[in-house]
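These notes concern the structure reproduced below.
Coordinate-derived values only; no laboratory data. Bear in mind the structure is a predicted one, so any value in this text is a computation, not a measurement. Here the Cβ is made from the backbone with ideal geometry for all residues, glycine too, and neighbour counts use every protein chain on show.
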Amino acid sequence: MAQQIKTDWVLFLTIVLMVCFGMVMVYSASSVMAGVRYGDSQHFLLRQMGWAVVSFLALMYFKRKDYHSLGAPTWAFAPLGIVLGMLVVAYFRDARTHRWLNIGTVGIQPSEFAKPALVIFLAWFVTRRLNAINTRHTVGPAAMALGVLAGSVIVADMGTAAVLMVTAAAVFYVAGLDKRYFLIAVAAGVLVVAAAILSKPYRVLRIIGYVDPDYKILSVIDPKGWIRKQADKSLASRDVGYQVKQSKIAVGSGGALGLGLMESKQKLLFLPEAHNDFIYAVVGEELGLWGATAVLIGFVLIFYRGVRLYWLAPDDFGRFLALGVSTLVLVQAMIHMSVVLDLAPNKGMNLPMISYGGSSLLSTLTSLGILMSVSDHAG
């Protein structure tokens, strides 16, 4: 007898509404810049629509696919291997940022695909080792695999690496990892992040600009100005507080009700990356507090449905898939919103399903397709 499929319509409709809303906001935030740069106000919208079609096909493929089949070693290791290979190629092909693989006019960001690959690997690995989670035969291989992946990603994309590490930490914590191992892992993660920051002058200046924007503390610690001179060597570091200042102006201008859809002033070439890294600021400016809150509720609802699945799924593999995907999406959203609201240092991180970006949209909907598979086939 065929298994009866029970779709979580609350989760599915939330995803559809978020993606459709993202299309509207991408057009609103990018139309002016697209018109100036490309002579076509719909340039970014049309590209995002193309990616949305591909991404929904991926979502439906994984939604219909029984998640139990993802528990094979092939699914656990092959995607990770492919992503690592793509990251190596991107490192040499993209000499400036080490982020992109360009195939004709299409740019692919390999680090984005590390997200669903990691979720599948974590669920598979933790399920197999759940009864021996605190042995060296578990902790050692896990640390090695996660270290290689996060280290490969963090070279060019520290934000994505942070999302991966937080997701892995959440999964292992829930799985029962001993507190001492967890604290060691957190300490190791902090050291890796610190090393990554120090390796890039613009990252150092971003942290300084957030913690000490007037350089009062820095002038005491480094009276000769050596640290600032080294950080200033990066051309990307000029006035690191500019984007956040414009972002706060946008959010403040929106007030409670907003200026109205398409009426943002900061997107008129004042706010860089308005359609991507700072799209939440445009949401706040045009739709006000109610619009920004509605977007936040959407992500919280997705997280809630994922956590709910963690408790309802009949097997450990499905439970950890649900936990991994829901944590992944929420953490990335919270980082984006925190940067926009000046609650965290500036970091190029798009807002899942809302910001412009094909690789991000495909990665996110693939992950959510896996989440929906757990919902559909958990009966």
Mind telling me which of Val329, Val307, Val36 comes out most flexible in a GNM of the chain, alpha-carbon contacts under 10 Å?
Val36
For the peptides 281-288, 341-348, what is the packing order when you average, over each peptide's residues, the other Cβ atoms within 10 Å and list the highest mean first?
281-288, 341-348
Would you list the membrane-span-like helices of the chain, meaning whole DSSP H runs whose alpha-carbon atoms span at least 20 Å along their axis and whose mean Kyte-Doolittle value is at least 1.0?
9-38, 73-93, 114-128, 136-154, 158-174, 179-199, 279-312, 316-340
Give me Rg/Rg_expected for the range 138-193, where Rg uses Cα atoms only and Rg_expected = 2.2 N^0.38 Å with N residues.
1.06
Hey, in the GNM for the chain with a 10 angstrom Cα cutoff, which one of Ser41, Ser359, Ser69 fluctuates hardest?
Ser69
Ordered by fewest other Cβ atoms within 10 Å, a rough proxy for footprinting exposure, Arg203, Arg308, Arg180 read Arg180, Arg308, Arg203
Anyone know which of Ile302, Ile103, Ile208 comes out most mobile in the 10 Å Cα GNM of the chain?
Ile103
Which log10 I(q)/I(0) values does the chain give at q = 0.07, 0.09, 0.13 Å⁻¹ under the Debye formula, counting every alpha carbon as one identical point scatterer?
-0.32, -0.54, -1.12
In vacuum, with every alpha carbon of the range 297-379 counted as one equal point scatterer, what does the Debye formula give for log10 I(q)/I(0) at q = 0.10, 0.25 Å⁻¹? Two decimals, please.
-0.26, -1.14
Any idea what the relative contact order of the chain is, in percent, if you count C-alpha pairs under 8 Å spaced at least 6 apart?
29 percent
Please state the equivalent ellipsoid semi-axes for the range 111-159: what are the square roots of 5 times the Cα gyration tensor eigenvalues, largest first, in whole Å?
23, 13, 6
Cα extents of the range 97-227 along the principal axes, largest first, in whole Å, come to 55, 47, 18
Relative exposure of Thr327, Thr364, Thr97, judged by other C-beta atoms within 10 Å (fewest first)
Thr97, Thr327, Thr364
Just how far, in whole angstrom, is the range 112-132 from the range 1-71 if you go by their alpha carbon centroids?
25 Å
For the range 2-90, restrict the atom set to alpha-carbon positions and state the Rg and Dmax in Å.
18.1, 55
Theoretical ellipticity at 222 nm over the chain - DSSP helices of four or more residues, -39500 (n - 2.57) apiece, nearest 500
-23500 deg cm²/dmol
